[in-house]
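Novice: Below: one structure in structure tokens.
The values are calculated or read from the model by the stated rules, or taken from the named source; none is laboratory data. All of these numbers come straight from a predicted model, not from anything done at the bench. Using ideal geometry, Cβ is built from the backbone for each residue, glycine included, and neighbour counts are taken over all protein chains shown. We work out accessible area using only protein heavy atoms, side chains counted, and drop any ligands, DNA or RNA first. Shrake-Rupley method; radii C 1.70, N 1.55, O 1.52, S 1.80 Å.
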Amino acid sequence: MSVRNEVSPDTLNKPNEVNNEPEVSEEQISNRKRKGRTGRGDQNSKVRRTEGDDRRTKKQMDLKVPIGDEENLDGERRPKRKVACLIGYCGTGYHGMQINPPHKTIEGDIFTALVQAGAISRDNSNDPKKSGFMRAARTDSGVHAAGNVISLKMIIEDENIVEKINKNLPPTIRLWGYTRTTKGFECRKQCDSRVYEYLIPSYAFIAPKPTSNLYRRMKESSDAFPNVVLEDKESEKYWNEVFDLCREAGVDAETLADDIIQTGVDFSAKKKNGEVKSEETVQYTREQYAAIKKVKQIEYDARKAYRISKERLDRVREALKVYEGHHNFHNFTIGKEYNDPSAKRFMKSLTASEPKFIEGTEWVSIKIHGQSFMLHQIRKMISMATLVVRTGIPLTRIDEAFRRRKINIPKAPALGLLLESPSYEAINVRLNSYGHDGIHFDKYADKMEEFKKKHIYDKIYAEEEKENVFSSFFGFIDNLASGPEDQTFAYLLAAGLPGTADSASTFISTTDTALQQIEKEELSNLEGDNEG
């Protein structure tokens, strides 16, 4: 039996319309099923098509030229090559790295620049997937990268293609260069490891303010369990000088803090009973407001003038070293249990730089080199190390976080985080064997450092200067828990957690209710929140 598929002028080139297929009998359908795919191999089942009938799929019909043609605007065929593009960007003002219409993203601007420069043909300009567009690391909203990698098939015959692409990019996004790769190269899957940088002001390592709730709890615990917490003469001197300056300005900062606490004003709490605290509940007298303003200015000036000692910086480096090697980081993310194999990660190295100055404020650059990272992991690692140094507790408290017990580690601010560069040691060996240079950021080090200073470091400092991000964060932590019944941060006290090697067995056991509630809220906000 012959099957005839006559296509009328009304249905020609309308593949999505329902009536574009002829009626077929049950016997014809049965015969086609026996022969495999519909009618294939049966001469009698071949479909006769009218002149002008287009046999392309809907996706193919969206293209402006036939599949496989690679043309520039002049109609000249130009071959595409698989490459790895090395890029850097400032994430301020962008909704992250990955293309996410209608939001402004890093990839969106890069892809547009590639098309405008002729590195991607106009025929492939309506879908990045046509060029095999892929990124090595996805960074979240506002997160920066001195070095990241995207892989794609690109037209590279023009020797000035890098300059042309950069000309079509804003100054906050740069293409450092590109290297040829094999056709099967995938920059995300074949990345060996990633190096992140976390920039933190050195004053973040000063001990909590003596008028804070955390300091009071630390003092009570140290008195009960002596010789556990390190003596901190440096922080003691710092705060005494601040209080002296306040008294010279006519304000007793210690008494002021007690008065504020007695009136029920909470500087740190953002929420109360799950609801945002209304402004009406936070009221100051005219005298209190004037005194608070003086104290804030004195503390601000003291933070800018602070210079970390060699001993304290060495302590920071010792704390970071604890993370190196294989560990279970289930407490450094959310939604992971101790027995989850994916919670085990390998950290290659963690280092802290010598202090650097940005507009008069001292900062420390921390480099974290690991095979892979989980959500919030880096920010929680930085927070835990900083809290250990601030409170003077033993470094073994970090080791305890790798164990089964659940503890709450707050996330350090996202402000200081940036992707330094991904690493491709293994694939570079293979690329070299094919005569390609391999993926290296070293030759762009000077340009990357200049870019960081101009477009990343300055942005970080400007936001810290305007919002006091780090001092607000640690001030919030220092005043979060008010009494011994609240054990959220008990691991920061001299007594430690019960049942651990350096803790007292008589110490009040930790309640998990607060921790479970915090994780529940974090998980509910998980969508779109990625570290990179």
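Novice: Among residues belonging to the stretch 156-183 that are free of Cβ contacts under 8 Å to residues at least 60 places away in the same chain and assigned to a loop (DSSP other than H, G, I, E, B), point out the one that is surrounded by the fewest Cβ atoms within 10 Å (Cβ to Cβ). Steps first, answer last, please.
Specialist: Step one: of the stretch 156-183, the residues free of Cβ contacts under 8 Å to residues at least 60 places away in the same chain are 158-168.
Right, trim to assigned to a loop (DSSP other than H, G, I, E, B) and you get 158-160, 168.
Working: 158: 14, 159: 7, 160: 9, 168: 17.
It comes out as 159.
Novice: Right, another one. For the stretch 500-510, does any single residue satisfy the condition of being in contact with a helix residue (DSSP H, G or I) (Cβ under 8 Å, 6 or more places away or on another chain), at pLDDT 50 or above and outside any helix (DSSP H, G or I)?
Specialist: Scanning the stretch 500-510 turns up at least one residue that is in contact with a helix residue (DSSP H, G or I) (Cβ under 8 Å, 6 or more places away or on another chain), at pLDDT 50 or above and outside any helix (DSSP H, G or I).
Novice: Could I ask something else about it? If I filter the stretch 195-206 for residues that are touching a residue at least 24 places away in the same chain (Cβ under 8 Å), in a strand (DSSP E or B) and either open to solvent by 40 Å² or more (accessible area, probe 1.4 Å) or among the hydroxyl-bearing types (Ser, Thr, Tyr) (or both), do I get at least one hit? Step through it out loud before you land on a result.
Specialist: Looking only at the stretch 195-206, we keep the residues that are touching a residue at least 24 places away in the same chain (Cβ under 8 Å), and these are 195-206.
Okay, now just the ones that are also in a strand (DSSP E or B), so 195-201.
Those left that are additionally either open to solvent by 40 Å² or more (accessible area, probe 1.4 Å) or among the hydroxyl-bearing types (Ser, Thr, Tyr) (or both): 196, 198.
Yes, that holds for at least one residue.
Novice: Now, a different point. Identify, by number, the condition in (1) in a loop (DSSP other than H, G, I, E, B); (2) buried (at least 16 other Cβ atoms within 10 Å of the Cβ) that residue 189 doesn't meet.
Specialist: The failed condition is (2).
Novice: A further question follows. Which residues, taken from the stretch 112-136, are part of a helix (DSSP H, G or I) and either open to solvent by 30 Å² or more (accessible area, probe 1.4 Å) or farther than 21 Å from residue 147 by Cα (or both)?
Specialist: The initial filter retains those residues of the stretch 112-136 that are part of a helix (DSSP H, G or I), namely 112-116, 122-124, 128-131.
Of everything in the stretch 112-136, those that are part of a helix (DSSP H, G or I) and either open to solvent by 30 Å² or more (accessible area, probe 1.4 Å) or farther than 21 Å from residue 147 by Cα (or both) turn out to be 112, 115, 116, 122, 123, 124, 128, 129, 130, 131.
Novice: Just need a number here: residues in the stretch 381-403 that are surrounded by fewer than 18 Cβ atoms within 10 Å (Cβ to Cβ) and over 14 Å from residue 491 (Cβ atoms). Don't jump to the end; show me each part of the working.
Specialist: Residues of the stretch 381-403 that are surrounded by fewer than 18 Cβ atoms within 10 Å (Cβ to Cβ), as a first pass: 394-396, 399, 403.
Still in the list and also over 14 Å from residue 491 (Cβ atoms): none.
Number satisfying all stated conditions: 0.
Novice: Which number in (1) acidic (Asp, Glu); (2) open to solvent by 70 Å² or more (accessible area, probe 1.4 Å); (3) in contact (Cβ under 8 Å) with a residue 60 or more places away in the chain marks the one condition that residue 109 misses?
Specialist: Here residue 109 clears every test but (2).
Novice: Just the residues that are open to solvent by less than 40 Å² (accessible area, probe 1.4 Å) and in contact with a strand residue (DSSP E or B) (Cβ under 8 Å, 6 or more places away or on another chain), please, taken from the stretch 356-371.
Specialist: Result: 361, 362, 363, 364, 365, 366, 368, 369, 370.
Novice: Let me spell it out: the conditions are (1) over 14 Å from residue 302 (Cα atoms); (2) open to solvent by 20 Å² or more (accessible area, probe 1.4 Å); (3) touching a residue at least 40 places away in the same chain (Cβ under 8 Å), and residue 233 meets all of them except one. Which number is the exception?
Specialist: Against the list (1) over 14 Å from residue 302 (Cα atoms); (2) open to solvent by 20 Å² or more (accessible area, probe 1.4 Å); (3) touching a residue at least 40 places away in the same chain (Cβ under 8 Å), residue 233 comes up short only on (3).
Novice: Considering the stretch 389-443 alone, what residues qualify as being in a helix (DSSP H, G or I), acidic (Asp, Glu) and touching a residue at least 24 places away in the same chain (Cβ under 8 Å)? Full working, then the answer.
Specialist: Going residue by residue through the stretch 389-443, those that are in a helix (DSSP H, G or I) are 389-391, 396-400, 414-416, 425-433, 442-443.
Applying the additional criterion that residues be acidic (Asp, Glu) yields 399-400, 425, 442.
Listed by number, the residues that qualify are 399, 400, 425.
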